[in-house]
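The values are calculated or read from the model by the stated rules, or taken from the named source; none is laboratory data. Because the structure is a prediction, the values reported are computed rather than measured. Every residue, glycine among them, receives a Cβ derived from its backbone with ideal geometry; neighbour counts consider all protein chains shown. Side chains are part of the model used for accessible areas, which takes the heavy atoms of the whole protein and leaves out ligands, DNA and RNA. Shrake-Rupley method; radii C 1.70, N 1.55, O 1.52, S 1.80 Å.
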There are 2 protein chains.
Amino acid sequence: MKKEINVGLLGAGVVGGGVLIVLEKNADDIAKKVGCPIKVSKILIKSLAETPEEFKGKYDFTENADDILNDPEIDIVIELMGREHPAKEYISQALSNKKSVITANKDVVAKYGAELFALAAENNVDFMFEAAVGGGIPIIRPLKNCLASNKITSILGIINGTTNYMLTKMSKENMSYGDALAEAQAKGYAESDPTADVGGLDAARKIAILASIGFNTRVDLDDVYVEGIDHLELCDIEYARDLGYAIKLLGVAKNHKDNGISAAVYPVMLPLEHPLAAINDVFNAIFVTGDAVGDAMFVGRGAGRLPTASAVCGDVIDVARNIIHNSTGRISCTCFEEKHLCALENIMAPCYMRLHVQDKPGVLAAIAAAFGAQGVSLKNVIQKEVLIKDSTAELVVITHDVSEYNLRMAIQTLKALPAVDEVCSVIRVENQVME
Amino acid sequence: MKKEINVGLLGAGVVGGGVLIVLEKNADDIAKKVGCPIKVSKILIKSLAETPEEFKGKYDFTENADDILNDPEIDIVIELMGREHPAKEYISQALSNKKSVITANKDVVAKYGAELFALAAENNVDFMFEAAVGGGIPIIRPLKNCLASNKITSILGIINGTTNYMLTKMSKENMSYGDALAEAQAKGYAESDPTADVGGLDAARKIAILASIGFNTRVDLDDVYVEGIDHLELCDIEYARDLGYAIKLLGVAKNHKDNGISAAVYPVMLPLEHPLAAINDVFNAIFVTGDAVGDAMFVGRGAGRLPTASAVCGDVIDVARNIIHNSTGRISCTCFEEKHLCALENIMAPCYMRLHVQDKPGVLAAIAAAFGAQGVSLKNVIQKEVLIKDSTAELVVITHDVSEYNLRMAIQTLKALPAVDEVCSVIRVENQVME
């Protein structure tokens, strides 16, 4: 039996510091659960001069990654530096040196997961990343273990807290997109360059990871169709509410059976009765549907120092138990399926569309005919008595199920109509509720 | 490397049949995830004459438990017979014979968990029961793994689907208690004798299990204070709604720090903004608070053939991976804390109370004084213009935080007042929302 498990930590920033706090605060309980103490034996920081005050003198800091990556006494390396490089190279080196690796780095997992999993398997060690998706929410391990007997049919996730905060502000306080973004930045939820959040890239990395696990095939970032919330207008959120929907930025991964799988990020109109519609502020939630379990949902904080540390330290405990039982590498990559992507054009969904049209007799008939010509049938039509400018009215429609291909053709046709001034917004609708 | 993992199944009823369906339907994927096929080699049923038609000729059935429990080829025993006996004896025998055991039997786990865990540890095998609480919802494994680095401070659970269905019907359709029960029985959600569900015993077993895991100490069924929904009246649900609350039957486990822990089942008034308030029909949800993760919630189907089978088969995959890696017994009992129960009298909570009082001047003052004498301060007071009978009015109050002791003293005082005809109902209030 080992006397202690030695951990090397790469990065002592927000999350790294959280890991130190949790491992120290709950050290006794963790030791009892694992069977021996967990010791953080070395910490990599950029400059010793910048050693965080709160941890000074309590740990052994170094500026040289090799001190950790090549130390034969270190069993587990936790990578919390962020960004792709040199994080990926350090993870590779640690795995090659037969150390198990834990990371919260979704960029690296989404891009280099296949390579790193192979390296972990080759060296018979663990590679875990519970914190990479959904922060503190247990979702990777439940998918890999608890729900492993299911064929997963769909995963819908609110997996970006920044945009969920902004959409909540827009929806509950009628705040404009710009004001909501400014407030998110003021609160530290959004970075000064918010592109990765509002553009959907952050969520895309996470849904690629979830889809890979859920569908047992390697879904790359390039496979994910991405649309952000930067084009959303407050009036769309208000129309949605009037129609009984909330707008959420979702990661959407679906198994279309014989048509293959798809992964995407885009704003979705969800019925207010859908459990995801009630997830507000910075909270994240992942809604999973499997052929045995039916619908299940996991909710919690998707970011933040201690919630993310909770997930990282859960991985530490899991790996430590594997080390003690000589069973690292117990669960390796489960991407055993050949990838079969469903072409975006073939994906069916109802759709919300807001148009500016001329306020003249016969216009509605012309628009309805344009939809009809593409086989698109309409479920709701609202024409508000809002004059945008002289002789222009605002028209909102929700279609029944339509393929992305037919939808695009319909939009082209509409744009060519003299009666249509502008197709202002197009938002997909998800009508499924919890079953 | 093993060629296959052999499973013996005790019971082929609703859930047992579900396990057979899932293991067969997804056999290929499961074999790839585990590393070798899972084979159900023998099934115990009461009488061969009653072999379920759907499985006839496909499996080897027996009426003799020893054919499974003593078969050296069988690696895993799944117990799905229900009730305490002989399930507990069969589980013991299997563990003693060095077979890992998986069960969905909350009665056995709640009552004999300590003994069975010790036996599993002694024989270095696994004892798993993900399906015993929350059906298909991953909750046991997330508590034991993903959230293991947290000190859990509270667990609130909607863990009985029958009563949640009834409360939903009462709340959404203004159905009476009796009608809601009749409908639950007609739909097969409630048994002909519904006592264990509506009286809270079923939920009590589950919260005892969750509290034991969450607080790392053995919480017995006797430690759980139990109150069901059988005394709830429709008007309480209506008052609650008017005041911005939903009434849910909750399992409530709390860590009161130096005052010890508590576990209870009772109806709770939850603010409508609380995520648990939106969990309706037969759905279950467990709301966990930890010192690192903050609040997290797990939602899904708490019962039913395939959802429960999903949890059981997840355990099968986990145990099978342990068998292949020679690491059964990897996680054993984590009840290493000495039990320190918080006396019910010391537990603080706000409280809703409905009274029938005489409709005379000075009565409200007398009642307020009676509360005040016990140090109970009032947050809301509603006197409806509903005359119950001549000169009697209905009064509803919500108190600020009050200890159970002071509450009981106040009720005694109130009952002794000539102006008070009846204390009709007392319901605890939970004001915490997601943080």
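Using the Cβ-Cβ distance between residue B:408 and residue B:378 with R0 set to 22 Å, the FRET efficiency works out to roughly 0.85. Under 22 Å of direct C-alpha separation, and excluding same-chain neighbours fewer than eight residues apart, residue B:248 reaches these lysines: B:106, B:169, B:172, B:187, B:206, B:379.
Would you mind counting up the charge near residue B:315? Only other residues with Cβ under 9 Å from its Cβ, with Lys and Arg at +1 and Asp and Glu at -1.
Here the charged neighbours net out to -2.
For segment B:344-429, would you read off the P(r) tail past 20 Å as a percentage of all alpha carbon pairs?
Percentage above 20 Å: 26.
Taking trypsin sites (Lys or Arg not before Pro) as exposed when their DSSP state is a loop state and no more than 13 other Cβ atoms lie within 10 Å, the longest site-free interval of chain B runs over B:188-388. Using the Cβ of residue A:197 as centre and a radius below 12 Å, the other residues enclosed give a net charge of -2, where K and R count +1 and D and E count -1. Rounded, prolate or oblate: which one fits the protein assembly as shown, using the alpha carbon gyration tensor with axes a ≥ b ≥ c (rounded when a/c is under 1.5, else prolate when a/b beats b/c, else oblate)? Here the protein assembly as shown falls in the rounded category. What is the sum of charges around residue A:428, taking Lys and Arg as +1, Asp and Glu as -1, for the other residues whose C-beta is under 10 Å from the C-beta of residue A:428? The answer is -3. What nm distance separates the two modelled labels at residue B:343 and residue B:84, each placed 7 Å from Cα along Cα→Cβ? It works out to 2.9 nm between the two label points.
Here r is the Cβ-Cβ distance between residue B:366 and residue B:258 and R0 is 35 Å; the resulting FRET efficiency, rounded to 0.05, is 0.40. For the protein assembly as shown, the antiparallel share of DSSP beta bridges with both residues in that region comes to about 70%.
With respect to the axis relating copies A and B by rotation, the chain A residue whose beta carbon is closest, plus that distance in Å, is A:327, 2. Averaged over its residues, the protein assembly as shown has an accessible area of 38 Å² per residue, based on protein heavy atoms and a 1.4 Å probe. With the cut-off at under 15 Å, measuring from each backbone N in segment B:201-234 to a point 7 Å along the Cα-to-Cβ line of residue B:174 picks out B:234. Per-residue ellipticity at 222 nm, computed for chain A from helices alone with -39500 (n - 2.57) per DSSP H run of at least four residues, works out to -10500 deg cm²/dmol. Counting, for every residue in B:64-76, the Cβ atoms of other protein chains within 10 Å of its Cβ and taking the mean gives 0.
With 40 Å² as the minimum drop in accessible area between chain alone and full protein complex (1.4 Å probe), the qualifying residues in segment A:314-343 are A:321, A:325, A:330, A:336. Shown for chain A: the carbon plus sulfur share of the solvent-accessible area, taken with all protein chains present and a 1.4 angstrom probe, equals 49%. 7 Å along Cα→Cβ for the label point: how many nanometres lie between residue B:341 and each equivalent label in the other copies, listed shortest first? Output for residue B:341: 5.9 nm, nearest copy listed first. For chain B, a Gaussian network of Cα nodes joined below 10 Å ranks B:326, B:124, B:97 by mean-square fluctuation, and the top entry is B:326. Between segment B:109-141 and segment A:1-79, the C-alpha centres lie 32 angstrom from each other. Assign one of three labels to segment B:279-435, namely rounded, prolate or oblate, based on the Cα gyration tensor with a ≥ b ≥ c the square roots of its eigenvalues; rounded applies when a/c is under 1.5, prolate when it is not and a/b is larger than b/c, and oblate otherwise. Prolate. The lysines whose alpha-carbon is closer than 18 Å to the alpha-carbon of residue B:32, local same-chain residues fewer than 8 away aside, are A:144, A:151, A:339, B:2, B:3. Label-to-label distances for residue A:372 across copies, nearest first, come out at 7.4 nm, using points 7 Å from Cα in the beta-carbon direction. Using a 1.4 angstrom probe on protein heavy atoms only, the contact between A and B buries about 4700 square angstrom of accessible area, both sides summed.
Per-residue extension of 0.36 nm, minus the Cα-Cα distance of residue A:191 and residue A:235, leaves a gain of 13.3 nm for this segment. Annotation for segment B:224-305: GluC sites (Glu not before Pro) lying in DSSP loop with at most 15 further Cβ atoms inside 10 Å of their Cβ are B:233, B:273. Would you please state the base-10 log of I(q)/I(0) at q = 0.24 1/Å for segment A:147-217, with intensities from the Debye formula using one equal scatterer on every alpha carbon? Log10 I(q)/I(0), no solvent term: -0.98.
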